[in-house]
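Written out below as structure tokens is the structure these notes cover.
The values are calculated or read from the model by the stated rules, or taken from the named source; none is laboratory data. These figures come from a predicted structure and were not determined experimentally. As a convention, Cβ positions derive from the backbone with ideal geometry for all residues, glycine included, and neighbour counts pool all protein chains shown. Ligands, DNA and RNA are stripped out before the accessible areas are found, and what is left, the full protein with its side chains, is counted by its heavy atoms. Shrake-Rupley method; radii C 1.70, N 1.55, O 1.52, S 1.80 Å.
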Amino acid sequence: MQKIVDEIAAKIASKTDKGIVASYIPQLACVNPDQFSISVALPDGAVYSAGGAQTLFSIQSISKVFTLTLALGKLGERVWNRVGREPSGDPFNSIVQLEHEQGKPRNPFVNAGAIAIADAIIQGHQPKETLAEILQFMRYLADDESIAIDEKVARSEEMTGDRNASLAHFMASFGHFQNPVDAVLGTYFHHCSIAMTTAQLATAGLFLANDGLNPITGYRVVSPNRAKRINALMLMCGHYDGSGEFAYRVGLPGKSGVGGGILAIAPGKASIAVWSPGLDTIGNSKLGTEALELLTRKTGWSVFGQ
């Protein structure tokens, strides 16, 4: 496996078209695009990495996988009263479908859906308490107490978050919110600003590759059935309106973030995290996707077969 990730890192290093970093969040616009890392975590606890695998980056929308997991733990199937389970076919920050569907987001991975999930997990608590719970969950899954929120990124998101604020207020106008909009938005902006390395992120996703069981602690995070369902949503909706293309090229459940990270799950085999800050036109990591495509070719890990 180390040979495979080294070969992938070398191949990616030769690429000249790296995509474009997210410019609408000023703090992300400052990130050097000439960076790449990949980590593969196996159920036996081994982690194989190449590139800058100890470099922290903002996981952004990848955090939505973990807040959905928390929401399912708190609310069970009632979560689906708040958000749907269908691909959107629209950009991640689109308001169009909310108008047609009475303020119910199409899935938990578009921005509106993740904001609704943030409202669901607050349950009357203060944002700081909810964020402490999310952080503790991430630290537990990654077996690393150093994981923290990048406050500069969070402030940058708050200053430029007018579109997300519009989505939240629009949903609230349909009576879908149970908490103050500002509290929900603060929680959302901050959990998207969690900073992790690819090694930490790959480790945190291992429960989804291991039937819901955290192989490091032996603790069951979710049931096998729930792990299967989360993976299904990642496959269908994890790359917004590029989810079909990602499934076609990579063939794994995955969740992207505009910080340039992607978490991908090979069920029963591995949890993989890649990071390259440059994005394609849809907002997914350009070289991260190419790296995962190379990985599934080399390993035969596509869920659709070799």
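For the residues Ile265, Ile282, the requirement of being of a type outside the set (Lys, Arg) and modelled with pLDDT of 95 or more singles out Ile265.
Here Ser173, Ser223, Ser166 are screened, and the one residue that is among the small types (Gly, Ala, Ser), within 24 Å of Val303 (Cα to Cα) and surrounded by fewer than 21 Cβ atoms within 10 Å (Cβ to Cβ) is Ser223. Cβ-Cβ contacts under 8 Å between residues 6 or more apart (or on different chains), taken from a first residue in region 40-51 that is at positive phi to a second residue that is part of a loop (DSSP other than H, G, I, E, B), are listed as Gly45/Pro215; Gly45/Ile216; Gly51/Gln35; Gly51/Phe36.
Met236 meets all of the listed conditions (1) buried (at least 21 other Cβ atoms within 10 Å of the Cβ); (2) among the aliphatic types (A, V, I, L, M); (3) touching a Pro at 6+ places or on another chain (Cβ under 7 Å) but one, namely (1).
Is it true that some residue in region 55-70 is within 22 Å of Asp162 (Cβ to Cβ), charged (D, E, K, R) and surrounded by 22 or more Cβ atoms within 10 Å (Cβ to Cβ)? Yes, because at least one residue in region 55-70 is within 22 Å of Asp162 (Cβ to Cβ), charged (D, E, K, R) and surrounded by 22 or more Cβ atoms within 10 Å (Cβ to Cβ).
How about region 133-159: which of its residues are part of a loop (DSSP other than H, G, I, E, B) and surrounded by fewer than 16 Cβ atoms within 10 Å (Cβ to Cβ)?
Asp143, Asp144, Glu145, Ser146
Checking the stated criteria, Thr299 turns out not to satisfy the condition of being more than 21 Å from Gln200 (Cα to Cα), surrounded by fewer than 21 Cβ atoms within 10 Å (Cβ to Cβ), over 13 Å from the mean Cα position of the chain (by Cα) and free of Cβ contacts under 8 Å to residues at least 40 places away in the same chain.
On the basis of being within 25 Å of Gly73 (Cα to Cα), open to solvent by 10 Å² or more (accessible area, probe 1.4 Å) and modelled with pLDDT under 95, does Pro127 make the cut? Yes: the conditions hold for Pro127. Of Gly244, Gly257, Gly278, Gly288, all but one fail to be open to solvent by less than 10 Å² (accessible area, probe 1.4 Å) and within 22 Å of Arg85 (Cα to Cα); the exception is Gly257. Taking (1) over 17 Å from the mean Cα position of the chain (by Cα); (2) more than 27 Å from Gly124 (Cβ to Cβ); (3) open to solvent by less than 40 Å² (accessible area, probe 1.4 Å) in turn, Gly218 satisfies each apart from (3).
Yes or no, residue by residue, for (1) in a helix (DSSP H, G or I); (2) under 17 Å from the mean Cα position of the chain (by Cα):
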residue: Lys3; (1), (2): yes, no
residue: Ile8; (1), (2): yes, no
residue: Tyr24; (1), (2): no, no
residue: Asp34; (1), (2): no, no
residue: Val65; (1), (2): yes, yes
residue: Lys74; (1), (2): yes, no
residue: Gly84; (1), (2): no, no
residue: Ser88; (1), (2): no, yes
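Is at least one residue of region 20-33 among the β-branched types (Val, Ile, Thr), surrounded by 15 or more Cβ atoms within 10 Å (Cβ to Cβ) and closer than 22 Å to Val222 by Cβ? No, region 20-33 has no match at all.
Of all the residues in region 200-215, those that are open to solvent by 10 Å² or more (accessible area, probe 1.4 Å) and hydrophobic (A, V, I, L, M, F, W, C) number 1. Taken over region 207-234, the criterion of being modelled with pLDDT of 95 or more, closer than 14 Å to Ser271 by Cα and touching a strand residue (DSSP E or B) at 6+ places or on another chain (Cβ under 8 Å) is satisfied by Phe207, Leu208, Ala209, Gly212, Leu213, Asn231, Met234. Selection of first residues in region 89-104 that are modelled with pLDDT of 85 or more and of second residues that are part of a loop (DSSP other than H, G, I, E, B), restricted to Cβ pairs under 6 Å at least 6 apart or on distinct chains, gives the following pairs, ordered by first then second residue: Gln102/Phe174; Gly103/Phe174; Gly103/His176. For region 260-274, filtered to residues that are of a type outside the set (Val, Ile, Thr) and open to solvent by less than 10 Å² (accessible area, probe 1.4 Å), the residue that is nearest to Val5 (Cα to Cα) is Ala273.
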